[in-house]
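*Asks:* Here's a structure for you.
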Amino acid sequence: MFTGLVREIGEVLRVDRDADGARIWVRCELAGELADGDSVSTSGVCLTVASLEDGAYRADVINQTLRVSSLGSLETGSRVNLEPALRAGEALGGHIVQGHVDGLARVTESRPDGFSTKLELELPRELRHLVVEHGSITLDGVSLTISALTRHGLEVSLIPETLERTTLGTKRVGDELNVEVDVVARYVERMSSAWENRGR
């Protein structure tokens with residue numbers, strides 16, 4: 001489990017792809033705290049550390065993950081948001097994040113708003129009913145509050161701290177971001193569906 005508070009921006013050193021998936025190497029200071037088998041959120045995707053070497057961790061990414069997330073487009077030099085798994089006793093500063101990507105959101109507008117930047121994003125149709133104004137959402141591993149709903153998605157406001165400490169400050173119109181909706185919304189949807197089907 002994660003909180004959506006990015007610890008560090010890592011750099012992709014190498015990506016090896018074959019029919020079975022991809023192996024990626026990410027250089028980061030965080031590697032000094034990790035051990036084989038640890039979980040690390042990599043731009044919002046929960047990956048398992050397969051090995052550590054020379055200040056970098058290697059993770060194996062299956063084909064399904066490559067298809068549904070932006071990890072399929074990673075290349076040498078790509079920058080990724082990193083967060084280690086939440087440990088017992090640590091503060092839950094963002095919201096509960098599982099690292100399970102629900103889909104990709106596309107940036108449709110980026111504009112300054114005072115000292116913040118507003119990003120407008122188009123969500124996949126099947127996710128739009130799972131977001132609410134002022135609710136939580138995870139974009140590329142970053143816990144954010146939805147500032148407004150739009151016809152095809154949502155809008156978030158990025159404060160200077162977020163722009164500086166994550167990759168979101170580099171996103172432009174047309175870029176795709178990993179999306180994880182609030183897990184509470186998923187449970188509510190499931191329970192509502194079960195209740196509706198109970199009398200059938």
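The values are calculated or read from the model by the stated rules, or taken from the named source; none is laboratory data. This structure is a prediction, so every number in the text was calculated from the model and none was measured. Every residue, glycine among them, receives a Cβ derived from its backbone with ideal geometry; neighbour counts consider all protein chains shown. Note: areas computed on protein heavy atoms with side chains; ligands, DNA, RNA excluded. Shrake-Rupley method; radii C 1.70, N 1.55, O 1.52, S 1.80 Å.
*Asks:* Mind listing whichever residues of segment 69-99 are within 20 Å of PRO124 (Cβ to Cβ) and open to solvent by 30 Å² or more (accessible area, probe 1.4 Å)?
*Replies:* Residues of segment 69-99 that are within 20 Å of PRO124 (Cβ to Cβ), as a first pass: 69-73, 97-99.
Once the filter is applied, which keeps residues that are within 20 Å of PRO124 (Cβ to Cβ) and open to solvent by 30 Å² or more (accessible area, probe 1.4 Å), segment 69-99 yields GLY72, SER73, GLN98.
*Asks:* Still on this structure, I have one more. What residue, among those in segment 135-146 that are at pLDDT 95 or above and more than 12 Å from GLU180 (Cβ to Cβ), is surrounded by the fewest Cβ atoms within 10 Å (Cβ to Cβ)?
*Replies:* This residue is THR145.
*Asks:* With ARG106, ARG87, ARG111 as the choices, which residue is of a type outside the set (A, V, I, L, M), over 16 Å from the mean Cα position of the chain (by Cα) and within 26 Å of VAL184 (Cβ to Cβ)? Step through it out loud before you land on a result.
*Replies:* Working: ARG106 fails: over 16 Å from the mean Cα position of the chain (by Cα); ARG111 fails: within 26 Å of VAL184 (Cβ to Cβ).
Testing whether each residue is of a type outside the set (A, V, I, L, M), over 16 Å from the mean Cα position of the chain (by Cα) and within 26 Å of VAL184 (Cβ to Cβ) leaves just ARG87.
*Asks:* Next question. Would you mention how many residues in segment 147-173 are assigned to a strand (DSSP E or B), touching a helix residue (DSSP H, G or I) at 6+ places or on another chain (Cβ under 9 Å), over 12 Å from ARG111 (Cα atoms) and open to solvent by less than 80 Å² (accessible area, probe 1.4 Å)? Walk me through it before giving the result.
*Replies:* Taking segment 147-173 first, the residues assigned to a strand (DSSP E or B) are 147-149, 153-158.
From what's left, touching a helix residue (DSSP H, G or I) at 6+ places or on another chain (Cβ under 9 Å): 149, 153-154, 156, 158.
Now restrict to residues that are over 12 Å from ARG111 (Cα atoms): 149, 153-154.
Next, from what is left, pick out any that are open to solvent by less than 80 Å² (accessible area, probe 1.4 Å): 153-154.
Residues that pass the stated criteria total 2.
*Asks:* Name the residue that is farthest from ILE96 (Cα to Cα), counting only residues in segment 44-63 that are out of contact with any Cys (no Cβ under 8 Å at 6 or more places or on another chain), open to solvent by 10 Å² or more (accessible area, probe 1.4 Å) and among the small types (Gly, Ala, Ser).
*Replies:* Here the answer is SER51.
*Asks:* Same structure again: Which condition number in (1) closer than 27 Å to GLY153 by Cβ; (2) under 20 Å from the mean Cα position of the chain (by Cα); (3) among the aromatic types (Phe, Trp, Tyr) is the one that TYR57 fails?
*Replies:* That leaves (1) as the condition not met.
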